[in-house]
Amino acid sequence: MTTLRFDAHVEQGPDRVWAVLTDVHTIPQWFPAVREAHSDGVHRHLRTPEGTLKALVVTKDDELRRFQYRFVEGLPEHIEFHLGTIDVLPDGGGSRVIYSEEILPESLAPLVERAVGAGIAGIARYFATHH
C-alpha cells in the first residue's frame, strides 16, 4: 500500500477553512482536476476531464475537522483500497491542512499523487485569494 501526505499552511482560521473544504460545491474552486462536484447525501460525484469519480463519504467530523472518503468508482483501474483524509488544524493565527491518501494498487499512486499535490497547492491558492 502506498501512503501519501501533503500539507499547507493558510492564513485563515480553521473553522473557515473547514467550511470551505467540506462544501462539495467549492471543490472545483480549489481542486484543479475537478470541474463539477455534487453530493447525493452518501457519495460525492466529481467530474474531471477524464471522467467521473464516485467517492463514499466515510467521516465528516466537525469537531475534529476531519473528512475522509473512499473512491469506489471512476479510477482508471480497479481500486483494492483507498482512503483519503483531510485534517484542518489550528496553526498559529491560521490553519494547517493535512491531506493524506492510502491506496492500493500502488500503480495508482502516481496518478493520485499528482492530483492531490495539485489539490493541496490549490487550497493554498484559494485561501490566499479569498479572504
- Task: Kindly check whether there is at least one residue in segment 74-95 that is farther than 18 Å from G119 by Cα and under 15 Å from the mean Cα position of the chain (by Cα).
- Result: no
- Query: Within segment 40-81, restricting attention to residues that are outside any strand (DSSP E or B) and either in contact (Cβ under 8 Å) with a residue 40 or more places away in the chain or of a type in the set (V, I, T) (or both), which residue is surrounded by the most Cβ atoms within 10 Å (Cβ to Cβ)?
  - Reply: R65
- Message: For segment 82-128, give me each residue that is outside any strand (DSSP E or B), modelled with pLDDT of 95 or more and hydroxyl-bearing (S, T, Y).
- Response: Y126
- Task: Taking D15 as the residue in question, decide whether it is surrounded by fewer than 16 Cβ atoms within 10 Å (Cβ to Cβ) and not basic (K, R).
- Result: yes
- Message: Can you confirm whether S95 is within 15 Å of L21 (Cα to Cα) and among the small types (G, A, S)?
- Response: yes
- Query: Could you say which residue among A37, A33 is at pLDDT below 95, of a type in the set (A, V, I, L, M, F, W, C), touching a helix residue (DSSP H, G or I) at 6+ places or on another chain (Cβ under 8 Å) and surrounded by 13 or more Cβ atoms within 10 Å (Cβ to Cβ)?
  - Reply: A33
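The values are calculated or read from the model by the stated rules, or taken from the named source; none is laboratory data. Fair warning: this is a prediction, and the values are worked out from it, not measured in the lab. All Cβ positions, even for glycine, are placed from backbone atoms using ideal geometry, and neighbour counts span all protein chains on display.
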